[in-house]
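Asks: Once you've had a glance at the structure underneath, I'll fire off some questions.
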Amino acid sequence: MTLASSAYGRPLGPLFAPLATQGALAALAPSARLALAAAMAEGLGRAFAPGDTLVGAAGLPTVLHRPTELRFVAIPGGTFVMGLSDTEMGEITALYTPLGRADEARDLVCWSTQPPRRVHVRPFLCALLPVTDRLAHARLADMYPGDDEGYVPSDTPVPFTPRLAAELRGVLGFRLLSEAEWEWIAREGGARAWLRDPPASISLALDPTRDASPHPNAFGIDLLQTGLEFVADAWHEGYLGAPEDAIAWHPRAIPDNTRGCHGGFQDEIEAVRLHAGVREGRHGDEPAAVRFAIDLP
């Protein structure tokens, strides 16, 4: 089972050419986008069904994986700058200057987000939601204790240890998002820089746990719903030598790298993690959410 996308080694099928860029997809009528959903489902096989509605402000087609009831949205491709540009670094510095912590904020994010680079993204399918408690219990029943007969799994996405995340990937046959794919979604294909609206000032009120309501972006995905999410790439301290395509960089069977922003801020400095380009290292056996991706057929 592949740990990374195989799409970069083959041409994009002509049926899916409108997904190559956001502009090409936007030019399609809604009926043509729904036809794309039907073509994707047919190409992926009997386990998939086409979605009958479009998702997000971008109006993206979807497919449903029948066995798991996971819904996947088609993310259009394109190019973007991954990492923090000088302009973005300046914006972060300006936000923390009134707190007298500009240098601290810059030092916190600079070391892991340089050098910024232009990345080419092929279109792909991304799960609208991470794996839920119910799905994990149904597919990994032997990994959970069976003595609590009164326990009822929920339909809420939950975090998993790296080893359980690897087990889930193996059982379901999907792959994790690459780090570049995750940031492409977080940036809405280059349309935004923050996971929510750009803050006018920094305060603990930005803590995502203070507002638990869904905030899906234009692609229909809410990357703050579960905090940190595993990505396929091995952890690297910066982007020197990183690939120019959005393929996973040295993917690991047991993930050790995450993206996102965990809530429960104890300090205003943590709010910088709401920037789509900011990274956190991941080490040990700490849990994170599992969101799957699929290559187009």
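Bear in mind that the values in this text are calculations on the coordinates, not laboratory data. Quick caveat, the model's predicted, so the values are computed rather than measured. Ideal geometry is used to build each Cβ from the backbone, glycine not excepted, and the neighbour counts take in all protein chains shown.
Asks: Between the range 209-267 and the range 1-23, how many Å separate their Cα centres?
Replies: So the separation of the two Cα centres works out to 21 Å.
Asks: Can you work out the PRE-style zone for SER154? Point 7 Å along Cα to Cβ, and I want the residues of the range 195-215 with backbone N under 16 Å.
Replies: 209-214
Asks: Residue separation times 0.36 nm, minus the C-alpha to C-alpha distance between GLU286 and ALA17: what's the value? Mind showing how you got there, number by number?
Replies: On the way: separation 269, 0.36 × 269 = 96.84 nm, distance 3.96 nm.
Full extension of this stretch gives 92.9 nm more.
Asks: If the elastic network links every pair of Cα atoms under 10 Å, which of ARG175, ARG210, ARG196 fluctuates the most in the Gaussian network model of the chain?
Replies: Ranking ARG175, ARG210, ARG196 by mean-square fluctuation puts ARG210 first.
Asks: Further, regarding this structure: Comparing ASP211, ASP256, ASP133, which has the greatest mean-square fluctuation in the GNM of the chain with Cα pairs linked when under 10 Å apart?
Replies: For the chain, modelled as a Gaussian network with Cα springs under 10 Å, the answer is ASP211.
Asks: Taking the Cα centre of each part, how many Å lie between the range 40-56 and the range 96-136?
Replies: 29 Å
Asks: Apply the Karplus parameterisation 6.51 cos²θ - 1.76 cosθ + 1.60, with θ equal to phi minus 60°, to every residue of the range 33-39 and state each ³J(HN,Hα) to the nearest whole Hz, in sequence, with x for glycine and proline.
Replies: Result, rounded to whole Hz: 5, 5, 5, 4, 4, 5, 5.
Asks: Could you give the longest part of the chain that holds none of the GluC sites (Glu not before Pro) found in DSSP loops with at most 14 neighbouring Cβ atoms within 10 Å?
Replies: Details: sites that count: GLU69, GLU149, GLU237, GLU244.
After excluding every exposed loop site, the longest remaining stretch is 150-236.
Asks: May I pose another question? Could you please tell me the mean projected area of the C-alpha convex hull for the chain, averaged over all directions and given in square nanometres to one decimal?
Replies: Working: hull surface 63.5 nm².
Result: 15.9 nm².
Asks: Please check which bits of the range 12-44 a label hung off ARG66 would reach, taking the label as a point 7 Å along Cα-to-C-beta and the cut-off as backbone N under 12 Å.
Replies: 42
Asks: Hey, another quick one. Over the alpha-carbon set of the range 228-297, divide Rg by the Kirkwood Rh and report the Rg/Rh ratio to two decimals. All intermediate terms of the calculation are to be shown ahead of the outcome.
Replies: Values: Rg = 13.4 Å, Rh = 13.6 Å.
Result: Rg/Rh = 0.98.
Asks: Pull up all non-local amide H partners of ARG175: gap of 5 or more, or a different chain, and H-to-H distance under 5 Å with H placed in the peptide plane.
Replies: So ARG175 has HN proximity to ALA293.
Asks: Test of understanding: in a Gaussian network model of the chain with alpha carbons linked when under 10 Å, which of SER178, SER112, SER203 would top the mean-square fluctuation ranking?
Replies: For the chain, modelled as a Gaussian network with Cα springs under 10 Å, the answer is SER203.
Asks: Which one of PRO123, ALA166, HIS137 has its Cα pushed farthest toward the positive end of the charge dipole of the range 108-198, where Lys and Arg give +1 and Asp and Glu give -1 at the Cβ?
Replies: The one lying farthest along the dipole's positive direction is PRO123.
Asks: With an 8 Å Cα cut-off and a minimum separation of 6 or more residues, compute the relative contact order for the chain in percent. Write out the running numbers ahead of the final one.
Replies: Numbers: 578 pairs, mean separation 72.7, N = 297.
Contact order relative to length: 24 percent.
Asks: How far apart, in nm, are two points set 7 Å out from the Cα along the Cα-to-Cβ line at TRP111 and at ALA29?
Replies: In this crude label model, TRP111 to ALA29 measures out at 5.6 nm.
Asks: Sorted from fewest to most neighbouring beta carbons within 10 Å, what does the list VAL131, VAL272 look like? It would help to have the intermediate numbers written out before the result.
Replies: Details: VAL131 27, VAL272 21.
Lowest count first: VAL272, VAL131.
Asks: Taking K and R as +1 and D and E as -1, what net charge do the other residues with C-beta under 13 Å from the C-beta of THR93 add up to? Write down the numbers at each step before the final one.
Replies: Numbers: positive: ARG101, ARG106; negative: ASP86, GLU88, GLU91, ASP103, GLU104, ASP107.
Once all neighbours under 13 Å are counted, the net charge is -4.
Asks: Give me ILE247, ILE269 ranked fewest to most by other Cβ atoms within 10 Å of their Cβ, as a rough exposure proxy. Provide the component values of the computation, followed by the final result.
Replies: Details: ILE247 22, ILE269 15.
Lowest count first: ILE269, ILE247.
Asks: Let me ask you something else. Can you give the longest run of the chain that contains no chymotrypsin sites (Phe, Trp or Tyr not before Pro) sitting in a DSSP loop with at most 12 other Cβ atoms inside 10 Å? Each step should come with its number before you reach the end.
Replies: Working: sites that count: TRP111, TYR151.
Looking at the chain, 152-297 is the longest stretch - no exposed chymotrypsin sites (Phe, Trp or Tyr not before Pro) with at most 12 other Cβ atoms within 10 Å.
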